[in-house]
Amino acid sequence: AKYLAGNMEEVPTTYDDDAVLKRMKQDFKAADDMSGEWRQEAIELCDLVAGNQWSEIDKLRLQEQLRPALTFNLMAKYIDAVSGIQIANRMDMVYIPREIGDVKSNELLTSASDFYRDNCGALMEESEAWRNMLITGVGATETYLDFDEDPEGIIKVQNRDMIELYIDPASRAQNYLDAR
């Protein structure tokens, strides 16, 4: 790999693959250790909202007693209500001029942003991430260029499964802004 140094020369760099792999494994283990309890709780919370509120042992006990496993799912209606409020009150992305004379260019940026966000379904993906955040405390989207459909790239926004996310355990900033 190469990078530009302060004097604008290309300086070759080498990586010890074994050391990099060892560091990656250590970082992953640290992130997994930190979030293991949360990950299990998040799975249980998703099950609760989905109406799966009985443990397997309790279900078997009720079946043995020939009793139905009734579930009154109060969580889902509140999650749906708050999610609906978010959908009804979505905020638009607006580019605001910093200097006099930037109004036209900022209006163009706002229009372009609206166009691309509409075409990739960003609003729905962000609403799903919001719902995940309500349930588990973590919701995330990924914005990237997809070159599969168009060789010049198409902007995509996708909701990411929060169970698959591993956060830097050293992160302390709100929304993990300082995470590696």
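Taking the stretch 132-174 and a reference point 7 angstrom along Cα→Cβ of residue 80, the backbone N atoms nearer than 20 Å belong to 132-136. Modelled spin labels at residue 18 and residue 40, positioned 7 Å past Cα toward Cβ, are 3.6 nm from each other. Here is what passes the span test in the chain: the DSSP H helices with alpha carbon length of 18 Å or more along the helix axis and a Kyte-Doolittle mean of -1.0 or above are 17-49, 74-88, 103-119, 122-136.
Net length available on complete extension from residue 114 to residue 67 is 11.6 nm, with 0.36 nm assigned per residue and the Cα-Cα distance removed. Taking the stretch 152-173 and a reference point 7 angstrom along Cα→Cβ of residue 52, the backbone N atoms nearer than 18 Å belong to 161-165. Comparing 26, 65, 158 in a Gaussian network model of the chain, where Cα atoms under 10 Å apart are tied by springs, the biggest mean-square fluctuation is seen for 65. Ranked from largest to smallest solvent-accessible area, with a 1.4 Å probe on the protein heavy atoms, 98, 67 come out as 98, 67.
Anisotropy class assigned to the chain is oblate, per the alpha carbon gyration tensor with a/c at or over the 1.5 cut-off and a/b no larger than b/c.
Rounded to the nearest 0.05, what FRET efficiency do residue 59 and residue 164 have when you use their Cβ-Cβ distance and R0 = 35 Å? The pair residue 59/residue 164 has a calculated efficiency of 0.80. At 1.4 Å probe size, with the rest of the protein present, what percent of the exposed accessible area of the chain is carbon and sulfur atoms? Looking at the chain in its full context, I get 56 percent from C and S.
Listed by chain and number, the aspartates and glutamates whose alpha-carbon sits under 18 Å from that of residue 25, ignoring those within fewer than 8 places in the same chain, are 16, 17, 33, 164, 168. Exposure check, 1.4 Å probe, all protein chains in place: residue 75 carries approximately 70 Å² of accessible surface.
Charge tally around residue 121: other residues with Cβ under 12 Å, Lys/Arg +1 each, Asp/Glu -1 each, net -2. Extension gain for the segment residue 94 to residue 145, taken as residue separation times 0.36 nm less the Cα-Cα distance, is 16.2 nm to one decimal.
Per-residue surface analysis assigns residue 110 an accessible area of about 20 Å², computed on protein heavy atoms at 1.4 Å probe radius. Average accessible surface for the stretch 69-142: 73 Å² per residue, computed with a 1.4 Å probe over protein heavy atoms with every protein chain in place.
The values are calculated or read from the model by the stated rules, or taken from the named source; none is laboratory data. Here the structure is a predicted model, which is why all the values come from computation and not from measurement. Cβ: placed from backbone, ideal geometry, glycine included. Neighbour counts: every protein chain shown. Side chains are part of the model used for accessible areas, which takes the heavy atoms of the whole protein and leaves out ligands, DNA and RNA. Shrake-Rupley method; radii C 1.70, N 1.55, O 1.52, S 1.80 Å.
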